[in-house]
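Undergrad: There's a structure below that I have some questions on.
The values are calculated or read from the model by the stated rules, or taken from the named source; none is laboratory data. As the structure is a computational prediction, the values presented were derived from the model and not from experiment. Because the Cβ atoms are built from the backbone with ideal geometry, glycine has one as well, and the counts that use them run over all protein chains shown. Keep in mind that these areas ignore ligands, DNA and RNA; they rest on the heavy atoms of the full protein, side chains included. Shrake-Rupley method; radii C 1.70, N 1.55, O 1.52, S 1.80 Å.
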Amino acid sequence: MTLRYGSVIRSLRSLRGDPTIASVAPSHADVRYRDGVRGLADFYVPPNATGASVVLVHGGGFVLGSRRMKPMRFLTAHLHAAGIAACVFDYRMIFRGGRLAEAVDDVTAAFELWRARVPSLGLDPRAISIAGLSAGATLSLLAAPRLSPASVISCFGLYEMDHLRGPAALLPRLLFRSGDRAAWTDRSPRFATQPTAPTLLLHGTDDGLIPFAQAERLAAHRESLGLPTRLVIYPGAPHGFFNLPLPVAEAGAAEIIAQVRGTLPA
């Protein structure tokens with residue numbers, strides 16, 4: 001798989017500006033979940049909290065992004081309006097003190113801090129989901145087996161790192177500190193240990209960074225293992241569609257809300 005560089009440029013441009021819904025301020029800002037300059041999280045607890053919550057993992061190709069980037073503000077606003085609490089955090093990235101192992105460790109640490117805090121926030125510790133976008137989707141799927149979340153949501157994630165070719169192949173070399181493609185395969189979400197929790201995959205057919213066929217193959221693999229999986233493919237949707245004023249952004253947010261709500265005990 002080689003990247004369509006026009007798609008890279010469009011994805012970066014889409015991060016500029018404000019989300020298509022008014023942002024909300026965190027109820028608890030700059031909460032430290034581990035030592036280090038990037039070990040901070042923000043909590044969003046709405047006044048009408050249902051008890052369900054989600055840990056959001058931002059994207060950015062493992063090299064950029066933050067807990068307050070445009071798609072995180074878009075999703076936290078929608079979740080807040082739906083009465084769903086959220087924890088959003090920064091993690092170590094390439095060139096900023098981390099590779100794949102460190103990033104997964106940060107996802108684990110942030111999730112565990114949130115799980116420890118939710119009872120004091122009036123939330124249900126049995127109804128915590130994890131949701132990731134792009135690189136964050138990759139990290140969420142890799143971290144989830146050790147966390148046992150109530151559900152997993154993966155949006156336009158990279159599931160097969162061994163398929164990267166050309167200049168794009170530099171990414172797994174840096175993430176794994178290895179040029180061994182067999183190692184890239186073993187540690188890619190499609191071939192790694194699968195989370196057993198119900199998993200929702202969202203992807204667009206016009207994704208120029210990560211082909212939607214990767215999501216189809218991951219869904220088929222999970223289904224072959226008998227694991228609860230739902231795949232939603234959006235015709236014509238690009239990578240990072242939460243950044244754009246498109247109907248698919250609203251549709252995707254609604255799918256996430258429904259998945260998280262479904263984790264509440266009857």
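Undergrad: Would you say residue 171 is touching a helix residue (DSSP H, G or I) at 6+ places or on another chain (Cβ under 9 Å), in a helix (DSSP H, G or I), modelled with pLDDT of 75 or more and closer than 27 Å to residue 96 by Cα?
TA: Numbers: touching a helix residue (DSSP H, G or I) at 6+ places or on another chain (Cβ under 9 Å): yes; in a helix (DSSP H, G or I): yes; modelled with pLDDT of 75 or more: no; closer than 27 Å to residue 96 by Cα: yes.
No.
Undergrad: For the range 92-150: of the residues being closer than 20 Å to residue 52 by Cα and among the polar types (S, T, N, Q), which is farthest from the chain's Cα centre (by Cα)?
TA: Per the stated criteria, the residue is 120.
Undergrad: Restricted to the range 74-85, and to residues that are crowded, with 20+ Cβ neighbours inside 10 Å and more than 17 Å from residue 111 (Cβ to Cβ), which residue is farthest from the chain's Cα centre (by Cα)?
TA: So the first thing to find is which residues in the range 74-85 are crowded, with 20+ Cβ neighbours inside 10 Å, and the list is 74-76, 78-80, 84-85.
Add one more test, that the residue is more than 17 Å from residue 111 (Cβ to Cβ), and what stays is 74, 78, 80.
On the way: 74: 14, 78: 16, 80: 18 Å.
By that ranking, first place goes to 80.
Undergrad: Same structure, new question: Pairs only if they're at least six apart or on different chains, beta carbon under 7 angstrom, first in the range 103-120 and under 21 Å from residue 65 (Cα atoms), second assigned to a helix (DSSP H, G or I) and open to solvent by 10 Å² or more (accessible area, probe 1.4 Å); list them, first residue then second.
TA: Close Cβ pairs (under 7 Å, with a partner that is assigned to a helix (DSSP H, G or I) and open to solvent by 10 Å² or more (accessible area, probe 1.4 Å)) amount to 104/142; 108/146.
Undergrad: Looking at the range 180-191 only, could you name the residues that are farther than 11 Å from residue 222 by Cα and assigned to a loop (DSSP other than H, G, I, E, B)?
TA: Residues of the range 180-191 that are farther than 11 Å from residue 222 by Cα, as a first pass: 180-188.
180, 187, 188, listed by residue number.
Undergrad: Then there is this: So, residue 158, is that one surrounded by fewer than 21 Cβ atoms within 10 Å (Cβ to Cβ) and either under 18 Å from the mean Cα position of the chain (by Cα) or part of a helix (DSSP H, G or I) (or both) or not? I'd like the intermediate steps shown before the answer.
TA: Numbers: surrounded by fewer than 21 Cβ atoms within 10 Å (Cβ to Cβ): no; either under 18 Å from the mean Cα position of the chain (by Cα) or part of a helix (DSSP H, G or I) (or both): yes.
Spelling it out, it is not the case that residue 158 is surrounded by fewer than 21 Cβ atoms within 10 Å (Cβ to Cβ) and either under 18 Å from the mean Cα position of the chain (by Cα) or part of a helix (DSSP H, G or I) (or both).
Undergrad: Can you name the number of the only condition in (1) touching a helix residue (DSSP H, G or I) at 6+ places or on another chain (Cβ under 8 Å); (2) among the aliphatic types (A, V, I, L, M); (3) not in a helix (DSSP H, G or I) that residue 107 fails?
TA: Residue 107 satisfies all of (1) touching a helix residue (DSSP H, G or I) at 6+ places or on another chain (Cβ under 8 Å); (2) among the aliphatic types (A, V, I, L, M); (3) not in a helix (DSSP H, G or I) except (3).
Undergrad: Does residue 60 qualify as being open to solvent by 10 Å² or more (accessible area, probe 1.4 Å) and part of a loop (DSSP other than H, G, I, E, B)? Before the answer, list the steps.
TA: Numbers: open to solvent by 10 Å² or more (accessible area, probe 1.4 Å): yes; part of a loop (DSSP other than H, G, I, E, B): yes.
Judged against the criteria, residue 60 is a match.
Undergrad: Further, regarding this structure: Just one of (1) closer than 27 Å to residue 69 by Cα; (2) not in a helix (DSSP H, G or I) trips up residue 259, so point out which.
TA: Failing condition for residue 259: (2).
Undergrad: Given the conditions (1) open to solvent by less than 10 Å² (accessible area, probe 1.4 Å); (2) part of a helix (DSSP H, G or I), report the number of the one that residue 112 does not fulfil.
TA: Result: residue 112 fails condition (1) only.
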